[in-house]
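Bear in mind these aren't lab numbers, they're just calculated from the coordinates by the rules spelled out. Since this is a predicted model, take the numbers as computed values, not measurements. Cβ sites come from the backbone with ideal geometry, for glycine too, and all protein chains shown count toward neighbours.
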Amino acid sequence: MLNRRFLRVKALQSIYAYHQSESSNLPQAERQLLEWVEDLYKLFVYQLSFWVEIRHFAERRIEENKQKHFPTEEDLNPNMKFVNNSILKALDDNKHLMKLEEQYKINWADSREDFIRNMFVKLVETPEYQEYMSNGKTGFGEDKRFLVTVIETYMPENGLLYDYYSDRDLSFNSDYQLAIYLLWKFISEMSSNFDEFSMLPPIYKAETDDKEFVVKLFEKTILHADEYMELVKANISNWDYDRLALMDKILIFMALTEFCEFHSIPVKVTINEYIEISKFYSTSESRRFVNGMLDRLSNVLKEEGKLVKTGLGLVDK
């Protein structure tokens with residue numbers, strides 16, 4: 001579920017928080033890092049549960065409308081396409097999701113009469129929903145197309161949903177956006193054979209390796225910060241080190257950790273990863289600086305024999 005880039009982002013956030021805090025308790029900070037990784041996964045599970053609850057609300061509304069004293073033809077013969085969405089029904093029946101909802105104590109009962117209703121009304125008003133309900137198309141592909149479109153179009157900037165999670169301490173920095181992406185990716189890649197017995201993806205793609213990766217990246221970046229600072233100072237040009245933003249320093253230090261400590265990760269992969277991450281966590285000017293510094297420092301470390309990469313295809317010719 002959480003690939004290496006997500007783990008790098010969580011390590012970046014945690015290192016930044018560590019430097020901003022007055023505490024120097026590294027073991028405690030490592031435990032906090034792992035908790036934040038799980039919090040991101042928890043937020044992903046909340047997103048799945050949210051869509052199941054939206055379906056429940058739509059289903060209840062249909063039944064309530066049928067019980068009116070003077071129901072309309074539409075009340076008696078409603079359009080069932082949304083509540084019969086094959087993906088939402090599969091999630092609703094999924095036993096693993098139910099278990100995770102219980103584990104994370106997810107309960108929408110306190111918000112059914114306001115938040116969920118408001119969210120459903122906003123959904124119904126979207127042109128995507130109206131087109132989906134009226135186009136006459138059916139099938140798993142159509143159901144997926146609708147959900148993927150709505151998720152990527154409306155959820156990232158949804159203030160109501162963001163505030164709901166924030167009020168319940170379910171977001172940290174950009175975790176809301178990360179969780180939206182995880183939701184979008186999961187639905188986009190969902191197979192038509194997903195059913196009640198299917199397992200949701202775990203937190204880590206490779207439990208032992210990925211957990212060890214993020215902890216080691218966090219720890220070594222902090223422990224070698226002074227050494228990395230001197231290395232950057234010795235090779236900086238046309239920039240004032242003391243005026244560099246803390247986030248830029250951390251990005252460079254993390255990349256240096258990967259250069260020196262993770263012998264199976266290619267240099268180009270590390271550089272590309274931190275350039276991509278910098279696009280969201282620093283300015284365009286900073287990105288240019290990070291790019292130039294990582295390229296220069298990788299060459300310096302190679303000349304000094306401190307950059308050793310092992311494995312097929314990892315040794316530069």
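As a calculated quantity, the FRET efficiency between GLU304 and GLU189 at R0 = 51 Å, using C-beta atoms, amounts to about 0.75. Estimated from the Cβ-Cβ distance and a Förster radius of 22 angstrom, the FRET efficiency linking MET80 and VAL124 is about 0.95.
For LYS89, the aspartates and glutamates whose Cα comes closer than 19 Å to its Cα, not counting residues fewer than 8 places off in the same chain, are GLU53, GLU59, GLU63, GLU101, GLU102, GLU142, ASP143, GLU189, ASP195, GLU196. Each of MET229 and LYS89 was given a label point 7 Å from its Cα along the Cα-to-Cβ line. The distance between the two points is 6.1 nm. Here the Karplus relation 6.51 cos²θ - 1.76 cosθ + 1.60, evaluated at θ = phi - 60°, turns the backbone of the stretch 141-154 into coupling constants of x, 5, 5, 5, 3, 4, 5, 4, 5, 5, 4, 6, 8, 10 Hz, with x for every Gly and Pro. For LYS95, a cut-off of 25 angstrom between C-alpha atoms picks up these lysines, skipping any fewer than 8 places away in its own chain: LYS42, LYS81, LYS105, LYS144, LYS185, LYS205.
Normalised by the number of residues in the stretch 28-189, the mean separation of alpha-carbon contacts (under 8 Å, six or more apart) gives a relative contact order of 36 percent. Let me check I've understood the local charge: for GLU131, count other residues with C-beta under 14 angstrom from its C-beta, Lys and Arg +1, Asp and Glu -1. What total comes out? In short, -1. Backbone phi angles across the stretch 14-20, fed through the Karplus curve with coefficients 6.51, -1.76 and 1.60 (θ = phi - 60°), yield HN-Hα couplings of 6, 5, 4, 5, 4, 6, 7 Hz in residue order; Gly and Pro are listed as x. The slack between HIS69 and GLU35, meaning 0.36 nm per residue of separation minus the straight C-alpha distance, is 7.1 nm. For the chain, the relative contact order works out to 24 percent when only alpha carbon pairs closer than 8 Å and six or more residues apart are counted.
Of the labelled figures (i) 54, 45, 38; (ii) 82, 43, 35; (iii) 114, 37, 32, only one reflects Cα extents along the principal axes in Å as derived from the coordinates, namely (ii). In this structure, LYS211 and ASP114 have a Cβ-Cβ separation that, at R0 = 45 Å, corresponds to a calculated FRET efficiency of about 0.70.
Equivalent ellipsoid of the stretch 187-317: semi-axes from √(5λ) of the C-alpha gyration tensor, largest first, are 32, 19, 14 Å. Using a cutoff of 8 angstrom between alpha carbon atoms and counting only pairs six or more residues apart, the relative contact order for the stretch 50-106 works out to 39 percent.
The phi torsions of the stretch 95-107, fed into the Karplus equation with coefficients 6.51, -1.76 and 1.60 and a -60° offset, translate into couplings of 6, 5, 4, 4, 5, 5, 4, 5, 4, 8, 6, 7, 9 Hz, rounded to whole numbers, with Gly and Pro shown as x.
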